[in-house]
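The values are calculated or read from the model by the stated rules, or taken from the named source; none is laboratory data. In this text the structure is predicted, and so the values were computed from the model without any measurement. So basically every Cβ, Gly included, is an ideal-geometry build from the backbone, and we count neighbours across all protein chains shown.
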Amino acid sequence: MEKLLNRINELARKAKTPGGLTETEKIEQQQLRQTYIKSFRSSFDDILLNSKVVDPEGNDITPKKLVEAQKDKRRTEVKNILGGNKIVHLHPEDADKK
């Protein structure tokens, strides 16, 4: 990431010079910026998906939308680990019936 930022900054400095950037450098600059933004958003999503919101009294007030996104992420991770095999959910009350 540091290497990416260094190159973005290098091109930004060059763009401010009288010679400016070549067309190839402009394309590279745009691609680097898109790569950086994509990486930043991904990191930010990871932070949010591993966050919990609490009020001053310690009550969990995490928004429902975030809680659902966290559950979806966990489900996806489990499916990836199991390689698409079916998952059977067993509840203690179901075990008593068998």
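General remarks:
- Sole residue being modelled with pLDDT under 95 and either surrounded by 10 or more Cβ atoms within 10 Å (Cβ to Cβ) or assigned to a loop (DSSP other than H, G, I, E, B) (or both), chosen from Ala95, Ala69: Ala69
- Residue selected from segment 1-58 under the condition touching a residue at least 12 places away in the same chain (Cβ under 8 Å) and of a type in the set (D, E, K, R), by the criterion nearest to Arg74 (Cα to Cα): Arg33
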